[in-house]
Amino acid sequence: MALIGGGPGDPGLITVLGRRLLAEADVVVTDKLAPRSLLAELDPDVEVIDAGKRPHAHNLTQSEINELIVARALTGQRVVRLKGGDPFVFGRGGEEALACVRAGVPFSVVPGVTSATAVPAYAGIPVTHRGITQDFSVVSAHLDPSQPGATVDWEGLARSTGTLVLLMAVAHLDAVAAELIKRGRDATTPVAVICDGTMPDQRVLTSTLESVAAEAEAAGVRPPAVVVVGDVVRLRSVLAGHTDEELGATA
């Protein structure tokens with residue numbers, strides 16, 4: 001069984017090894033955010049199973065996915081679990097690897113290009129830059145930070161001067177921005193919201209922490225999107241190419 005990271009969207013960003021193992025597969029269990037155009041290159045006799053998960057809607061639960069890849073591998077089929085980004089960065093790849101270990105299924109992990117750094121780069125935003133910041137944090141923001149169960153250290157992130165990359169943040173962008181401001185981040189901190197990153201229809205909204213939620217809503221921003229908070233966003237005006245569509249700009 002091969003657990004493969006398909007990269008952030010552009011099918012060209014899958015690794016050489018990942019592409020080779022995908023071509024050799026008997027069964028491909030794919031996620032919603034995996035590059036779907038790669039599946040069109042497979043032989044017609046390859047079975048493709050859509051296990052895509054989205055908020056409040058699952059083709060397969062995580063337990064069902066674990067059972068599926070183990071069962072197929074135990075029959076001797078060459079199984080590929082294809083994920084978006086990197087399988088071990090908010091991809092639940094560790095859970096699937098553990099399921100294989102418990103069942104005695106040999107597996108390999110093929111790292112993928114994570115959207116946390118690749119999507120900002122495509123938008124002309126380096127997550128670190130000499131003289132601006134030497135560190136960055138990547139956070140899953142799928143939970144409202146004000147609700148029980150949110151384990152992210154928002155206090156530490158707010159007081160840090162490092163770049164903050166938020167994944168799965170669109171639904172709670174207003175609450176996240178308010179939490180960061182409340183805990184000490186300057187309300188005028190530049191923010192970028194990058195939609196469909198690395199893809200031909202990539203769009204970017206630039207704003208500030210105090211305004212981004214309202215502007216994103218007005219622009220009709222929908223997932224998938226990567227949110228970047230920090231002064232590195234200012235570099236976009238110099239480094240960005242002319243292939244994406246600006247949703248708005250205040251930074």
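Open to solvent by 20 Å² or more (accessible area, probe 1.4 Å), of a type in the set (Gly, Ala, Ser) and in contact with a Ser or Thr (Cβ under 9 Å, 6 or more places away or on another chain), is that true of Ala240?
Details: open to solvent by 20 Å² or more (accessible area, probe 1.4 Å): yes; of a type in the set (Gly, Ala, Ser): yes; in contact with a Ser or Thr (Cβ under 9 Å, 6 or more places away or on another chain): no.
It is false that Ala240 is open to solvent by 20 Å² or more (accessible area, probe 1.4 Å), of a type in the set (Gly, Ala, Ser) and in contact with a Ser or Thr (Cβ under 9 Å, 6 or more places away or on another chain).
Residue-by-condition table, conditions (1) of a type in the set (Ser, Thr, Tyr); (2) in contact (Cβ under 8 Å) with a residue 60 or more places away in the chain; (3) out of contact with any strand residue (DSSP E or B) (no Cβ under 9 Å at 6 or more places or on another chain); (4) farther than 17 Å from Thr30 by Cβ:
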{"position": "Val80", "(1), (2), (3), (4)": "no, yes, no, no"}
{"position": "Val110", "(1), (2), (3), (4)": "no, yes, no, no"}
{"position": "Thr117", "(1), (2), (3), (4)": "yes, no, no, yes"}
{"position": "Ala121", "(1), (2), (3), (4)": "no, no, yes, yes"}
{"position": "Ser146", "(1), (2), (3), (4)": "yes, no, yes, yes"}
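Can you list the strands (runs of 3 or more DSSP E) lying wholly within region 31-111 that have 1 or more residues being polar (S, T, N, Q)?
Strands (runs of 3 or more DSSP E) meeting the threshold: 108-110.
Pairs under 6 Å by beta carbon, first residue assigned to a helix (DSSP H, G or I) in region 164-185, partner aromatic (Phe, Trp, Tyr), six or more apart or different chains?
As it stands, the answer is Glu179/Trp154, since those pairs meet every condition given.
Name the one entry in Asp153, Asp186 that is open to solvent by 60 Å² or more (accessible area, probe 1.4 Å) and at pLDDT below 95.
Details: Asp186 fails: at pLDDT below 95.
Just a single option satisfies the conditions, and that option is Asp153.
What about Gly84, is it of a type outside the set (D, E, K, R), free of Cβ contacts under 8 Å to residues at least 12 places away in the same chain and touching a strand residue (DSSP E or B) at 6+ places or on another chain (Cβ under 9 Å)? Steps first, please.
Details: of a type outside the set (D, E, K, R): yes; free of Cβ contacts under 8 Å to residues at least 12 places away in the same chain: no; touching a strand residue (DSSP E or B) at 6+ places or on another chain (Cβ under 9 Å): yes.
So Gly84 does not fit the description; no.
Return the residue satisfying two criteria in turn: it lies in region 14-28 and is in contact (Cβ under 8 Å) with a residue 60 or more places away in the chain and of a type outside the set (A, V, I, L, M), and of such residues it is least open to solvent (accessible area, probe 1.4 Å). Give the derivation first.
Residues of region 14-28 in contact (Cβ under 8 Å) with a residue 60 or more places away in the chain: 14-15, 17-18, 21-22.
From the residues that got through so far, the ones that are of a type outside the set (A, V, I, L, M) too are 15, 18.
Details: Thr15: 46, Gly18: 0 Å².
So, considering only residues that are in contact (Cβ under 8 Å) with a residue 60 or more places away in the chain and of a type outside the set (A, V, I, L, M), the one least open to solvent (accessible area, probe 1.4 Å) is Gly18.
Based on this model, can you work out whether Asp144 counts as surrounded by fewer than 17 Cβ atoms within 10 Å (Cβ to Cβ), modelled with pLDDT of 95 or more and under 22 Å from the mean Cα position of the chain (by Cα)? It would help to see each step written out before you state the result.
Values: surrounded by fewer than 17 Cβ atoms within 10 Å (Cβ to Cβ): yes; modelled with pLDDT of 95 or more: no; under 22 Å from the mean Cα position of the chain (by Cα): yes.
Criteria not met by Asp144.
Test Leu205 against the stated conditions and say whether it is outside any helix (DSSP H, G or I), open to solvent by less than 70 Å² (accessible area, probe 1.4 Å), in contact with a Phe, Trp or Tyr (Cβ under 8 Å, 6 or more places away or on another chain) and within 21 Å of His142 (Cα to Cα).
Here the answer is no, as Leu205 does not meet what is asked.
Here are the criteria: (1) modelled with pLDDT of 95 or more; (2) closer than 30 Å to Asp26 by Cβ. Tell me which single one Ile132 does not satisfy.
Failing condition for Ile132: (2).
Going through Ile4, Ile65, Ile69 one at a time, which residue ends up being in contact with a helix residue (DSSP H, G or I) (Cβ under 9 Å, 6 or more places away or on another chain), of a type in the set (A, V, I, L, M), under 22 Å from Val139 (Cα atoms) and surrounded by 15 or more Cβ atoms within 10 Å (Cβ to Cβ)?
Ile4 is the lone residue from the list that is in contact with a helix residue (DSSP H, G or I) (Cβ under 9 Å, 6 or more places away or on another chain), of a type in the set (A, V, I, L, M), under 22 Å from Val139 (Cα atoms) and surrounded by 15 or more Cβ atoms within 10 Å (Cβ to Cβ).
The values are calculated or read from the model by the stated rules, or taken from the named source; none is laboratory data. Here the structure is a predicted model, which means the values were calculated and not measured. Positions of Cβ are generated from backbone atoms using ideal geometry, with glycine treated the same way; all protein chains shown enter the neighbour counts. These area figures cover heavy atoms from the full protein model, side chains too; ligands, DNA and RNA do not enter into them. Shrake-Rupley method; radii C 1.70, N 1.55, O 1.52, S 1.80 Å.
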